[in-house]
Amino acid sequence: MSFAWTLGLPTFEADGMTLLRRVTLILRDGVVEHVFYPVFPPDRNAADVLARLSAHPV
C-alpha cells in the first residue's frame, strides 16, 4: 500500500483491510499524466481511457 499512500490514491477500509478505490492512472515515462477518479460508470472506463489516449498521442 505504500504505492497508494505515496501517490495519495483513494482507499477505504473493509473487514480490517485497506483497499484501493477504483481509479485509472495513465502514466507516460514514469509520470502520472491523467487520473480517472471516480471511475463511473465502470463499464465505460476503458472507452474513456482509449478516447483520452487517442486525443493525446505520444
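Every number here is computed from the coordinates shown, using simple stated rules; none is lab data. Keep in mind it's a predicted model, so treat the numbers as computed, not measured. As a convention, Cβ positions derive from the backbone with ideal geometry for all residues, glycine included, and neighbour counts pool all protein chains shown.
At-a-glance table
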| item | result |
| --- | --- |
| Surrounding net charge for THR11, when Lys and Arg each add one and Asp and Glu each subtract one, Cβ distance under 13 Å | +1 |
| R0 of 30 Å, Cβ-Cβ distance ARG52-THR11: FRET efficiency to nearest 0.05 | 0.80 |
| Tilt relative to the chain, helix 45-55 - C-alpha long axis, 0 to 90 degrees, to 10 | 40 degrees |
| Helix-only CD estimate at 222 nm, as mean residue ellipticity for the chain, using -39500 (n - 2.57) per DSSP H run (n ≥ 4) | -8000 deg cm²/dmol |
| Distance (nanometres) between label positions extended 7 Å along Cα→Cβ at LEU27 and ALA4 | 1.6 nm |
